[in-house]
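Here's the structure we're looking at; comments come further down.
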Amino acid sequence: MKTEYPRPQFVRKEWKNLNGTWEFAFDDNDRGIREKWYGKGKSLEKKINVPFVYQSELSGIGDRTPHDIVWYKKSLELEQRKGYRTILRFGAVDYEAKVYINGEPAGEHSGGYTPFSIDITPYISGKEQEVVLRVYDPHTDEFIPRGKQFWEKESRGIWYTNSTGIWQTVWAEYVPEKHIENVKFTPLFDSGRVLVKCRGTGLEKGDSLSYKIGLKGTEIAEGVLLWKADELEFSVDVICSRIFNTNFHEDGIAWTPENPVLFDVELAVLGKDMEVCDEVSSYFGFRKIHTENGMVYLNNKPYYQKLVLDQGYWPEGLLTAPNDEALKKDILMAREMGFNGCRKHQKIEDPRFLYWADRLGFLVWGESASTAMYNGYSVKRTMDEWWEAVERDYNHPCIVAWVPINESWGVPDIARDSAQQSFSLTMYHFLHAIDGTRLVISNDGWEMTKTDVCAIHNYRHGQQDEPQVYEEYCNMLATRESLINYPSTCREIYAHGFHHEGEPIMLTEFGGIGFDVSDEKGWGYSSAETEEEFIQSYSRIMDAVYASKGLWGFCYTQLTDVEQEINGLYTYDRKPKCSPERIREINERYHVSRIVEQRNIRVL
């Protein structure tokens, strides 16, 4: 059972964790609504361990048969407090959820990867409340964003076990009538300031906002501002050179993977008589990401990203990590091998993972689940979920890029179909419109439209005993021109009518060496029989990457094995397949300064 506060970017001290044992039932014949399973006093036949889906071992059920409709029920002690609203929060429920409180419909939500909240104050009666959840997850609907989740009972190919129902923490908290609803921090790196935007609810004339910003135990800014409306915007100088004697020639207070400095923030709503109505804790990192001269810059310095593809699956919990330590461990494993970030693949990850990435210093490319096919419903569903994802994760400094489309999933005819190209362009501009602090990759892999990074996939490196294949691979990666003009598949790098506009080029899927150390049948994009052969294969692939005069970063496939895929650097249960130090040595052969020097790049 996960016990850590589930929303680390927006913390209130008092909350009630609702994870643990819930009643549960399958509803294959859709009888639940007709028979009023939501009614108070009704019981469900099974038990499930929330927040793990019924398909997982940790749920206590472990049934991988597709069931489109499932029900949850839990009784809890929760009384209404005067002057407060009682809010029920769900981290993520896949896919459509209808919530009943004490037999009454209280709210609903669609979207399998993003959070939602319901004000249950009007439905509370007495000391004990009954929460019921009906979840509808149509497994064969190809127009629902579900990413790697397979629609069949057994996994195969690149598809994994599906997930239905609650898979992130459920909790309740008392929120004052006057409270902060949302806060956003936007680093204005070049001017040394941070822009703070707060949204409040229930405010009255004369109410104010108190803020305190600290760094490494030292308070650097504080103030009290009057609310003139439900939204309040102000900026704060965070350079504070008189205190920290910092400058732009060193990392100083700037957030990087090597120097993950975070500012602590305390916010409070004050009433007319300066009484504290609501208190929230948060944090932010001071950083900037942009592209220039064919390179990615972090805090105005060229930064070479060494990423690893991370599917975010666990053998016992599937999409849900077994505990908070497991989320932290995956980051530490990647860092131990010399990676400075990950591309979180086809999944909006638990906020606790992003919290640890912020704290430990680990770049993240945020990617939502794709649909399989394209129509108007897939467009709306995808955009709705992306809006909620950005709202949730805007403040995490670790996230430096958004990836709305992968390998033309959900837009299979994007190469020439103008409607699907328009959707790609819409997602690019939509994400920039709601978040101007990050890069956007339009279609990771191939058939890109407008994009901030040309993100290419290429697994054609061959086996150790195929020198001609490897030579061709090296030639394909050698220059910008060869990378763009010689794709590794029949899919062109850019969709028809679009072309490279000077953006940085990264190899964002490659490698995937299959190496079985667990006696599990599976596959990889090439294979190795021994640990030494595995390391040699990895080394020669990375030699080709580092020899390229056109690449500005990479993302290796992949961090761990997943089910039938045995192409990870670690096994599915997180055991290293070889010495992490040897992989780290290979990853650190080239430093960014050496690459800049090698390519005769002038950096101002």
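The values are calculated or read from the model by the stated rules, or taken from the named source; none is laboratory data. Since the model is a prediction, treat every value here as computed from it, not as a measurement. Ideal geometry is used to build each Cβ from the backbone, glycine not excepted, and the neighbour counts take in all protein chains shown. For accessibility, only protein heavy atoms count, side chains too; no ligands or nucleic acids. Shrake-Rupley method; radii C 1.70, N 1.55, O 1.52, S 1.80 Å.
Phi-derived couplings, Karplus 6.51 cos²θ - 1.76 cosθ + 1.60 at θ = phi - 60°, listed residue by residue for the range 172-189: 10, 8, 8, 10, x, 3, 9, 8, 7, 8, 6, 9, 10, 10, 10, x, 9, 4 Hz, with x used for Gly and Pro.
Accessible surface for the chain, divided over its residues, is 40 Å² per residue with a 1.4 Å probe. Working ranking of peptides 129-142, 417-430, 222-235, 552-565 by packing, defined as the average number of other Cβ atoms within 10 Å per residue, highest first, is 552-565, 129-142, 417-430, 222-235. The listed residues 212, 47 rank as 47, 212 when sorted by accessible area, largest first, using a 1.4 Å probe. Here residue 228 is the anchor, and the lysines within straight C-alpha reach of less than 30 Å, apart from those fewer than 8 places off in the same chain, are 13, 82, 178, 184, 197, 205, 212, 272.
Calculated mean residue ellipticity at 222 nm for the chain: -5500 deg cm²/dmol, from DSSP H runs with n ≥ 4 weighted as -39500 (n - 2.57), summed, divided by the residue count and rounded to 500. I need the shape label for the range 39-194. Rule: rounded when a/c is under 1.5, else prolate if a/b > b/c, else oblate, with a, b, c from the alpha carbon gyration tensor. Taking the square roots of the gyration eigenvalues as a ≥ b ≥ c, the range 39-194 is oblate.
In order along the range 404-416, the Karplus-derived 3J(HN,Hα) couplings, from 6.51 cos²θ - 1.76 cosθ + 1.60 at θ = phi - 60°, round to x, 9, 10, 6, 6, 5, x, 9, x, 10, 5, 3, 9 Hz, and Gly and Pro are given as x. Give me the percent of accessible area attributable to carbon and sulfur for the chain, probe 1.4 angstrom. That fraction is 47 percent. Please compute, over every Cα-Cα pair in the chain, the percentage with a separation greater than 31 angstrom. When every Cα pair of the chain is considered, 52 percent fall beyond 31 Å. Our estimate of slack between residue 290 and residue 152, defined as 0.36 nm per intervening residue step minus the Cα-Cα distance, is 45.5 nm. Taking Cβ atoms as reference points and 11 Å as the exclusive limit, the residues near residue 335 contribute a net charge of +1, counting Lys and Arg as +1 and Asp and Glu as -1. Centre-to-centre, using Cα atoms only, the range 406-426 and the range 118-146 are separated by 33 Å. For residue 496, the shell of other residues with beta-carbons less than 12 Å away shows a net charge of -2, using +1 for Lys and Arg and -1 for Asp and Glu. Summary value for the range 161-225: 22 percent relative contact order, contacts being C-alpha pairs under 8 angstrom separated by 6+ residues. Karplus-based coupling profile of the range 552-567, in residue order and whole Hz: 10, x, 8, 9, 7, 9, 8, 5, 9, 4, 9, 6, 7, 7, 10, 9, with θ = phi - 60° in 6.51 cos²θ - 1.76 cosθ + 1.60 and x standing for Gly or Pro. For the range 29-125, the Cα gyration tensor yields ellipsoid semi-axes of 24, 16, 14 Å (square root of five times each eigenvalue, largest first, whole Å). Restricting the calculation to alpha carbons of the range 425-499 gives Rg and Dmax of 15.0, 49 angstrom. Distant-in-sequence amide contacts of residue 370, defined by a placed amide H-H separation under 5 Å and a gap of 5 or more residues or a different chain, comprise 146, 147. Determine which residues of the range 340-377 fall in the zone a paramagnetic label at residue 434 would reach in this model, i.e. backbone nitrogen under 13 Å from the point 7 Å along Cα→Cβ. Backbone N within reach: 368.
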